[in-house]
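Data first, discussion second: the structure below is written as structure tokens.
The values are calculated or read from the model by the stated rules, or taken from the named source; none is laboratory data. Only a predicted model underlies this, so the values are computations on that prediction, with no experimental measurement involved. Counting neighbours? That spans all protein chains shown, and the Cβs are built from the backbone with ideal geometry, glycine included.
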Amino acid sequence: MRTTLNILVFGSGAREHAIAESISKSPLLNKLYLAEAGAFDLGEVIEFSDYEDLAKKCAVLKIDMAVFGPEGPLCDGIVDIFKAHNLPCIGVDKHFSQLESSKLFGKKFMEKHGIKTAKYEVIADIEEASAAILSKAGNKGKFPSVVIKADGLCGGKGVVIANNEAFAQRTINEFLEGKFGDNSKTILLEEFLQGEELSLMSLWDGKTLLSFAPSRDFKKLNKSSSAPNTGGMGAFCPAKLNEFQRKKLDEYKNKLKKSLELEKADFVGFIYSGLIMAQKDGAWDWHVLEYNVRLGDPEAQATLAHLKTDFLEVLQAALAQNLDKIKLDYNEDISACLTLACEGYPKTPRDRKKITLPEETAENRDIKVFYAGVEEIDGEMYSKGGRVLSLCTTSQDPFWDLKNFAKEIEMENKYFRTDLEVR
């Protein structure tokens, strides 16, 4: 049995950068490999033609654990391919990846196991939309009362809260006409739930569900209720919960664990529960807004910054089905992540701008800089895509520190939220 491990981290974003950085600090690590890596330079990059080719190369390199960050490869079945080569994986198989890749699959899972969620209706025909919208609005045009969700993966942009009937109808038409290809040609119309949201990330090893400290993210581009959803403009960990909320959260964790047991889920991987504390039928409880089958972004960055326990030790315990023996320890202060994006994000980001970090290094200020959309050209960093950097720190007032640091970063057309605070 190996005492140190060869690890593969798959993915190019800030989440994967944070995962790789956490693993790189572990005394359990022998060698770190990267696949589809971004601009971060923490290990040896493996070039590959397809997932089968990557699995074969990992077998030759004697990879002890493959950790998959983004949802795309998981939903494409990369874990099934790796398992066929007897390669240990942290990630869900193709079947259970449908918890994220199909909103309808997720809803049926919740219904089957009595997990609380919003009422919904499936729409695949534009002609059905008008009547359905008015029905959700209580026939009086009361908005916001309709949440429009594309059934498939849309990069965090497939959920829209409708503030009026015309906007709802227009969004439905765009989705069903293929705004996100086949992924939006079936949609769900959900009732709008009002309340406090929460991100709960858990690791399942086939018998034990280990949940990390709950976090809270900021999906909106700005604080306006009509602002578009993004992949995430910031997050902090831990979220503040009162005794009632904690009790209800424990009840939810137990129900999710029981549901996975009943489904005989034998994968080792993450489940992200997007929750909201809402009142229905006179009772307050956590309701599931969505499931993801990987660590959240930017919640992962904030949570890993908050975690004191060796992350690789946790992952190793999961592969050995020993998560019941793991106790997670955290920093005393609050950890936060602030997204620095290109102006125009999420629709038309103005990228390809040079990035210059402040002269006083981030390390000297206890700030970690993770690359989301960054490319290196002739030794210089340039923005590539909408979200560019994840800025992370741990302190008593982390967003104050991060916003000051973000102001000092030189980049044309940079954008970040200046209103974020721990709440």
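Considering only residues that are touching a residue at least 40 places away in the same chain (Cβ under 8 Å) and either within 15 Å of Met411 (Cβ to Cβ) or out of contact with any strand residue (DSSP E or B) (no Cβ under 9 Å at 6 or more places or on another chain) (or both), which ones fall in the range 361-372?
Within the range 361-372, Ala362, Tyr371, Ala372 meet the criteria.
Is it true that some residue in the range 280-293 is touching a helix residue (DSSP H, G or I) at 6+ places or on another chain (Cβ under 6 Å), buried (at least 23 other Cβ atoms within 10 Å of the Cβ) and of a type in the set (A, V, I, L, M, F, W, C)?
yes
Please list, ordered by first then second residue, the pairs with beta carbon atoms under 7 Å, 6 or more apart or interchain, first in the range 209-238 and assigned by TED's automatic domain parsing to the domain that holds Ala341 and within 22 Å of Thr348 (Cβ to Cβ), second among the β-branched types (Val, Ile, Thr) and modelled with pLDDT under 95.
Pairs that qualify, where the first residue is assigned by TED's automatic domain parsing to the domain that holds Ala341 and within 22 Å of Thr348 (Cβ to Cβ) and the partner is among the β-branched types (Val, Ile, Thr) and modelled with pLDDT under 95: there are none.
Name the single residue, out of those in the range 351-360 being crowded, with 16+ Cβ neighbours inside 10 Å and over 24 Å from the mean Cα position of the chain (by Cα), that is farthest from Ile409 (Cα to Cα).
Lys353
I want to confirm something. Restricting to the range 141-190 and keeping residues that are among the polar types (S, T, N, Q) and outside any loop (DSSP other than H, G, I, E, B), which single residue is surrounded by the most Cβ atoms within 10 Å (Cβ to Cβ)?
Ser184
Quick one: in the range 112-131, of everything that is over 25 Å from Phe175 (Cα atoms) and not basic (Lys, Arg), which residue is nearest to the chain's Cα centre (by Cα)?
Across the range 112-131, the extreme among qualifying residues is Ile115.
Which residue, of Lys280, Lys240, is out of contact with any Cys (no Cβ under 8 Å at 6 or more places or on another chain) and within 19 Å of Ile161 (Cβ to Cβ)?
The conditions single out Lys280.
Among the residues of the range 25-45, is there at least one that is out of contact with any strand residue (DSSP E or B) (no Cβ under 6 Å at 6 or more places or on another chain), outside the structural domain of Cys154 (by TED's automatic domain parsing) and in a helix (DSSP H, G or I)?
No, every residue in the range 25-45 fails to be out of contact with any strand residue (DSSP E or B) (no Cβ under 6 Å at 6 or more places or on another chain), outside the structural domain of Cys154 (by TED's automatic domain parsing) and in a helix (DSSP H, G or I).
Residue by residue through the range 235-253, note down the ones that are under 18 Å from the mean Cα position of the chain (by Cα) and under 16 Å from Gly195 (Cβ atoms).
Ala239
So, in the range 1-24, of the ones that are of a type outside the set (Ser, Thr, Tyr) and without any contact (Cβ under 8 Å) to a residue 40 or more places away in the chain, which residue ends up nearest to Ala317 (Cα to Cα)?
Met1
Please state which of the following conditions Lys407 fails to meet, knowing it meets all the rest: (1) of a type in the set (Lys, Arg); (2) touching a residue at least 24 places away in the same chain (Cβ under 8 Å); (3) over 17 Å from Glu299 (Cα atoms).
(2)
Take the range 46-62 and flag every residue that is outside any helix (DSSP H, G or I) and not β-branched (Val, Ile, Thr).
Correct list: Glu47, Phe48, Ser49, Asp50, Leu61, Lys62.
Only one residue in Ala59, Ala35, Ala84, Ala18 is of a type outside the set (Asp, Glu), crowded, with 21+ Cβ neighbours inside 10 Å, modelled with pLDDT of 95 or more and farther than 19 Å from Leu203 by Cα, so which one is that?
Selected residue: Ala35, the only one of Ala59, Ala35, Ala84, Ala18 that is of a type outside the set (Asp, Glu), crowded, with 21+ Cβ neighbours inside 10 Å, modelled with pLDDT of 95 or more and farther than 19 Å from Leu203 by Cα.
Find the residue count for the range 324-364, including only residues that are among the hydrophobic types (A, V, I, L, M, F, W, C), at pLDDT 95 or above and over 19 Å from Gly156 (Cα atoms). Before you say what the answer is, go through the steps one by one.
Filtering the range 324-364 for residues among the hydrophobic types (A, V, I, L, M, F, W, C) gives 326, 328, 334, 336-338, 340-342, 355, 357, 362.
Imposing the further condition that a residue be at pLDDT 95 or above reduces the set to 326, 328, 334, 336-338, 340-342, 355.
Imposing the further condition that a residue be over 19 Å from Gly156 (Cα atoms) reduces the set to 326, 328, 334, 336, 355.
Number of matching residues: 5.
Output yes when any residue across the range 333-346 is touching a strand residue (DSSP E or B) at 6+ places or on another chain (Cβ under 6 Å), without any contact (Cβ under 8 Å) to a residue 40 or more places away in the chain and buried (at least 19 other Cβ atoms within 10 Å of the Cβ), and no when none is.
Scanning the range 333-346, I find no residue that is touching a strand residue (DSSP E or B) at 6+ places or on another chain (Cβ under 6 Å), without any contact (Cβ under 8 Å) to a residue 40 or more places away in the chain and buried (at least 19 other Cβ atoms within 10 Å of the Cβ), so the answer is no.
Is it true that Leu104 is within 22 Å of Ala300 (Cα to Cα) and not assigned by TED's automatic domain parsing to the domain that holds Tyr272?
Values: within 22 Å of Ala300 (Cα to Cα): no; not assigned by TED's automatic domain parsing to the domain that holds Tyr272: yes.
When the stated conditions are applied, Leu104 does not pass them.
Sort out which residues of the range 295-321 are more than 20 Å from the chain's Cα centre (by Cα) and of a type outside the set (Asp, Glu), and write them in order of number.
Here is the first cut: in the range 295-321, the residues more than 20 Å from the chain's Cα centre (by Cα) are 308-310, 313, 316-317, 319-321.
Result: Lys308, Thr309, Gln316, Ala317, Leu319, Ala320, Gln321.
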